[in-house]
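One structure is given below, encoded as structure tokens.
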């Protein structure tokens, strides 16, 4: 895993000032809403929950992608927590990659069919509302961010996904955890039992731009095209859970 992080950090450092996202917002690179100032994960013993937090220079969650009207090239913006957790801790089979909690917004599609984040009785129209995903990230040099959500063949019997997965051929889960934006912070609240009761792990925080590419076999289905801020500065996962 250290090798993966070292390789990816080299790529990420380069793209803090450069990217090739076709539908990336022109203000994303300079938006204070995407500049991380602090991050934390706090375990509440009273509630038996973990609160993941990113604090930014601007207004957390205020900057969002604009719809392009199609899945091909659909923009995705994310506040992402790479962790040292094992894939089996969050319901996947044992597989190589980086377990990350990704808080995302994407107006062109909805990948949380079990949840109605905007409470309008339509479960398929709220992709733009900030919501949580567990994902497995792997190195992918075909995108400038050097990372992509790990894919698999649809009939692979070794693949195990949580029952709340959105039905895509990727290591992605849509667990429905509560995401809260308030002033300069964005938080996600995760019950400890939904993380195999793991309360001691390392993590980092990243803001990133991603794109969906279902038509080009040379590109990942969901790849990282730009990184705007890294809490640690070096993707070393130096942060630990506080109690």
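Any read-out appearing in this document is the output of simple, stated calculations on the displayed coordinates, not a laboratory observation. Everything numeric here is computed off the predicted structure, so don't read it as measured data. Quick reminder, even Gly has a Cβ in these numbers, built from the backbone with ideal geometry, and neighbours come from all protein chains shown.
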For the ranges 163-173, 149-159, what's the packing order if you count other beta-carbon atoms within 10 Å of each residue, average per peptide, and put the highest first?
163-173, 149-159
Give the shape of region 187-243 as rounded, prolate or oblate, defined through the alpha-carbon gyration tensor: a ≥ b ≥ c are the square roots of its eigenvalues, a/c under 1.5 means rounded, and otherwise the shape is prolate if a/b is larger than b/c and oblate if not.
oblate
Which of the peptides 200-210, 134-144 is most tightly packed, and how do the rest follow, going by the mean number of other Cβ atoms within 10 Å of each residue?
200-210, 134-144
Quick shape check on region 46-173: root eigenvalues a ≥ b ≥ c of the Cα gyration tensor, a/c under 1.5 is rounded, otherwise prolate if a/b tops b/c, else oblate, and it reads rounded
How far is it, in nm, from the label point at residue 121 to the one at residue 198 when both lie 7 Å from their Cα along the line to the Cβ?
4.1 nm
Residue-averaged 222 nm ellipticity for the chain, from DSSP H runs of 4+ at -39500 (n - 2.57), nearest 500:
-2000 deg cm²/dmol
Estimated inter-spin distance, residue 88 and residue 236, nm [label 7 Å along Cα→Cβ]:
3.0 nm
Stokes-Einstein D (µm²/s) once Rh is taken as the Kirkwood radius of the chain over alpha-carbon pairs, at 4 °C in 1.567 mPa s:
73 µm²/s
For the pair residue 57 and residue 215, how long in nm is the line joining their label points, each one 7 Å along Cα→Cβ?
3.7 nm
Packing-ranked peptide list from 112-123, 177-188, highest mean Cβ count within 10 angstrom first, is 177-188, 112-123
Please report the spacing between the Cα centers of region 148-175 and region 28-48 in Å, no decimals.
26 Å
Classify region 136-243: rounded, prolate or oblate, from the alpha-carbon gyration tensor (a ≥ b ≥ c, eigenvalue square roots; a/c under 1.5 rounded; otherwise prolate if a/b is larger than b/c)?
oblate
